Every structure is written in C-alpha cells, then in structure tokens.
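Below is one structure, written out as structure tokens; the observations come after it.
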Amino acid sequence: MTQYGFYFDSTRCTGCRTCEMACKDYKDLPANIAYRRVYDYEGGSWTDAGDGTFTSDTYAYHVSLGCQHCEKPACMAKCPQGAIVKDPENGLVHIDDEKCTGVGACVETCPYNVPIVNKEIGRGVKCDGCADRVAEGKSPICVEACPLRALEFGDIEELRAKHQGTVAGIAPMPSPDTTNPSIAILPCPAAKEPGDKTGAIANEKEVTLA
C-alpha cells in the first residue's frame, strides 16, 4: 500500500495561515472548525548582564498541521463504531459519515488534536487529505494555496527521500512513536524536540477553538 502524507518545511513557514483559510473555504467550514491549524510555538528568556546589556535565547516558529494520516491511527483504534477508516490504497484516514454517531472518542484519543465533533450535524469531522482532489490527481488545497511552498503532498517515503534531514515531529507535537504519523518535517533552526517544555503554544485559544 502506498502511504500518502505531508511534507512541511518549517524554515519557510511564516505563519500566514493561507493554508488554513484555503481549507476552510474549500470545505465551507464554520468559524469554530478548522481541519488544518497553524500553531505558534514560542519560548526563551532575557538575561540581564548587570552592565546595561542583555542576552536572549528567545525563539518563535510556526507549525502547520492537518491530519497526520498515521500508520497506526489512535482515533481509529478507539472508535466504538468503527467509523474511522484507513484507505487501503493510499493510507488516508477518513470518517465514515454513515457510521459515526458523534461519541467523540476520536477527539479524546488523537494526540494531534485533529478530529472535532460538529455539534450542528452530530458527528465527527476531520481533514481527509482532500481525498476528492487526490482522486483527480490534484494536491490537497492547503498545499496548492501555500504562498511560500512550505507544504508538499505525496508518497511519504518518496517525500522523505526527496527532502533529507526531515523528522516526524517538532514541538508542540507529541512523540511520533505511538502512531507513526505520515509527515516529514524539515525543522527550522529554532525547532524543539517533540514534548519540549521550554516553550508554549502562543495561540492556544485559537487552535483549541478551531
């Protein structure tokens, strides 16, 4: 099986959120739901040298995340209705609308905060990798929209081979060991390891409401 996934270049991303807005527009999503979210991760401090000078180790960078279409999706394993499905041909993970009852087990178990229960329709929703566009030979809308070309989509092993030095996660993402996410990230110089505690999500309210 070919496993599709995303490449994200954090050295290019400026946090403009064009990817997020393009997705919301294409999927016609309400204000409080987003399938792709941009996290602002910041940290560090200033040190007073006592002689009128200061040194700083502050940092800030952005992480654009949709569904990771994991090799071992935690959401799929915990869904009591068996409503989350991994496509046998391309590995994309989607929610079966006919089976989903909106219990929200996927929301509680996904380590990437991806699935959302849309209360208006009474079921879970999430990024499906723009499966309809992929079937037509196109890239997901977020990839095409990025003005800095910080996103790519395709066979995840080919993306990892094409872009040397990639990793499967940077802060504020959790460790990739549990689910094996289908993502290849080129870390910017400021990027921290998954699970880092020296920084914090600066726009937590934004990404939590999404």
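The values are calculated or read from the model by the stated rules, or taken from the named source; none is laboratory data. The shown structure was predicted, so the numbers you read here are calculated from the model rather than taken from an experiment. Counting neighbours? That spans all protein chains shown, and the Cβs are built from the backbone with ideal geometry, glycine included. In case anyone asks, the SASA skips ligands and DNA or RNA and just uses the protein heavy atoms, side chains included. Shrake-Rupley method; radii C 1.70, N 1.55, O 1.52, S 1.80 Å.
Restricting attention to segment 142-191, the residues being open to solvent by less than 20 Å² (accessible area, probe 1.4 Å), part of a loop (DSSP other than H, G, I, E, B) and either free of Cβ contacts under 8 Å to residues at least 24 places away in the same chain or closer than 14 Å to C70 by Cα (or both) number 5. Looking at M21, M76, which is the one that is out of contact with any Phe, Trp or Tyr (no Cβ under 8 Å at 6 or more places or on another chain), within 24 Å of V167 (Cβ to Cβ), modelled with pLDDT of 95 or more and open to solvent by 60 Å² or more (accessible area, probe 1.4 Å)? It is M76.
Being in contact (Cβ under 8 Å) with a residue 40 or more places away in the chain and among the charged types (D, E, K, R) narrows it down to one residue among D9, D97, D51; which is it? From the options D9, D97, D51, the qualifying one is D9.
Scanning segment 24-49 for residues that are open to solvent by less than 40 Å² (accessible area, probe 1.4 Å) and either hydrophobic (A, V, I, L, M, F, W, C) or in contact with a helix residue (DSSP H, G or I) (Cβ under 7 Å, 6 or more places away or on another chain) (or both) turns up L29, I33, A34, Y35, R36, R37, V38, Y39.
So is V63 in a strand (DSSP E or B), open to solvent by less than 70 Å² (accessible area, probe 1.4 Å) and without any contact (Cβ under 8 Å) to a residue 24 or more places away in the chain or not? Criteria not met by V63. Of all residues in segment 79-125, those satisfying the criterion of being part of a strand (DSSP E or B) and either among the small types (G, A, S) or open to solvent by 30 Å² or more (accessible area, probe 1.4 Å) (or both) are V85, K86, H94, V117, R123, G124.
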